Amino acid sequence: MARRKSRSNNRPVKPKLKLDTVFRCPFCQLENSVGCSFDKDLNIGEISCSICHAGYETKLTPLTEPIDIYCEWIDECERVNQKS
């Protein structure tokens, strides 16, 4: 009896989509002016605008990405504006 021929895995590998790391500032509306930094020792993520110096800090989780911090910042801005 002959052994069956095994299939080789020749499927192309799809590249992962890269998420943004620089964003538009919600205050001065300039594109690519907001950057994000992580302090893994203190578990703090900081995002700030290089033009108007507006910023936001939040606690990090192991799965936190820069887009997550930016979305939290936008949500917090909307929440504060609805209170006023």
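The values are calculated or read from the model by the stated rules, or taken from the named source; none is laboratory data. Bear in mind that the values here come from a model prediction, so they are computed numbers and not experimental data. Every residue, glycine among them, receives a Cβ derived from its backbone with ideal geometry; neighbour counts consider all protein chains shown. Accessible surface is based on the protein model in full, side chains and every heavy atom, while ligands, DNA and RNA are left aside. Shrake-Rupley method; radii C 1.70, N 1.55, O 1.52, S 1.80 Å.
Below, the figures for the structure above:
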{"read-out": "Unit charges at the beta carbon, dipole of the chain: most positive-side option, 80, 30, 9", "value": "9"}
{"read-out": "Length-normalised contact order for the chain - Cα pairs under 8 Å, 6+ apart - percent", "value": "19 percent"}
{"read-out": "Surrounding net charge for residue 45, when Lys and Arg each add one and Asp and Glu each subtract one, Cβ distance under 10 Å", "value": "-4"}
{"read-out": "In degrees, nearest ten, helix 66-83 long axis to first principal axis of the chain (Cα)", "value": "40 degrees"}
{"read-out": "Size of charge dipole - the chain - debye, nearest 20, with Cβ of Lys, Arg +1 and Asp, Glu -1, no other charges", "value": "1340 debye"}
{"read-out": "Surface accessible to a 1.4 Å probe, per residue, for the residues of the chain, Å²", "value": "90 Å²"}
{"read-out": "Residue-averaged 222 nm ellipticity for the chain, from DSSP H runs of 4+ at -39500 (n - 2.57), nearest 500", "value": "-7500 deg cm²/dmol"}
{"read-out": "Accessible surface of the chain [probe 1.4 Å, protein heavy atoms]: carbon and sulfur percent", "value": "51 percent"}
{"read-out": "Under 9 Å, Cβ to Cβ, from residue 56 - net charge with Lys/Arg +1 and Asp/Glu -1", "value": "-4"}
{"read-out": "Whole-number Å³ per residue for the convex hull built on Cα positions in the chain", "value": "177 Å³"}
{"read-out": "Positive minus negative residues near residue 21 (Lys, Arg vs Asp, Glu; Cβ under 12 Å)", "value": "-2"}
{"read-out": "Spin-label pair residue 16/residue 42, simplified geometry with 7 Å Cα→Cβ offset, distance in nm", "value": "2.7 nm"}
